[in-house]
Amino acid sequence: MIPELIIYLLKVNLALLLFYGGYQLFLKHYTFYSLNRIYLLLALVYSSLYPLINLEDLFQNNIVLQEQISSISPDWQSSITYIINQSPGAENIYWQFSLYIFWTGVLMMSLRLIIQLISLLILHRQSEVTQTGEYQFRLIHKKLNPFSFWRTIYINPEYHQAQELESILKHEQVHVRQLHSLDVLLAEISLIFFWFNPGAWLMKKAIQANLEYITDQQVLKSGIDSKAYQYALLKINILPQ
């Protein structure tokens, strides 16, 4: 018998791949970036939770509704469970080894995220609060690309001219105002538990790219010169580390 955790992970990761495929086919090429953001976040949450919900118990008292749902969406959850449990001759030691590998990966990815957060905390303590016009940020002394986390912007002004600095700060301010860090953190947490699935990595990449689309759209709507803005972002991308 295959452990329930393995069955759960297979269901979650299949759902992630399906949601990512739907995003690539139907949503990516449209400019409804805020709706795409909602779709991608709900995809992560739903993929993680739906295997824990027993839809049969939920609708067992409503036969008509159950028949309608079955006609629209076959019960592929149960089909997966049935097929897996009917798999011949997999020995218990094999599944125990698989679980050992899974939890080892979870531990390594957790340590990765913890190290990143500790590095950010150290950088935060080494930075200084600075005000430029209407923008407040933390001045860092290392050669790093500008970035934001939660409600704080981190930047080293030495590597940017005044006009570039304004464009960058407008860009990061959108990230801060719309709490884009929450999306990134959710994607990182999903990677901890679904690290072995390409769908989780692809979803994270899609979430980050869509957040940049949202930000660029908002900044350009503010009336900033598009060429100057694009040049500032290009310079950030080629800034030596």
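The values are calculated or read from the model by the stated rules, or taken from the named source; none is laboratory data. Computed from a predicted model, the values in this text were never measured in an experiment. Methodologically, a virtual Cβ is constructed for each residue, glycine included, from the backbone with ideal geometry; neighbour enumeration extends over all protein chains shown. Side chains included, ligands, DNA and RNA excluded: accessible areas come from the protein's heavy atoms. Shrake-Rupley method; radii C 1.70, N 1.55, O 1.52, S 1.80 Å.
Below is a table of values for the structure above.
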read-out	value
Phi-based couplings in Hz for region 111-121 (Karplus 6.51, -1.76, 1.60; Gly and Pro marked x)	4, 4, 5, 4, 5, 4, 5, 5, 4, 5, 4
Spin-label model distance (nm) - residue 5 vs residue 106, 7 Å beyond Cα toward Cβ	0.5 nm
Distant-in-sequence amide H partners of residue 149 (H built 1.01 Å from N, under 5 Å)	154
Karplus-derived HN-Hα couplings along region 30-43 (A = 6.51, B = -1.76, C = 1.60, θ = phi - 60°), whole Hz, x at Gly and Pro	9, 9, 8, 5, 5, 5, 4, 4, 4, 4, 5, 5, 5, 4
In region 119-162, chymotrypsin sites (Phe, Trp or Tyr not before Pro) in a DSSP loop with at most 13 other beta-carbon atoms within 10 Å	150
Virtual paramagnetic centre 7 Å along Cα→Cβ of residue 205, amide N under 12 Å, in region 13-27	none
Heavy atoms of residue 177 accessible to a 1.4 Å probe, total area in Å² rounded to 10	130 Å²
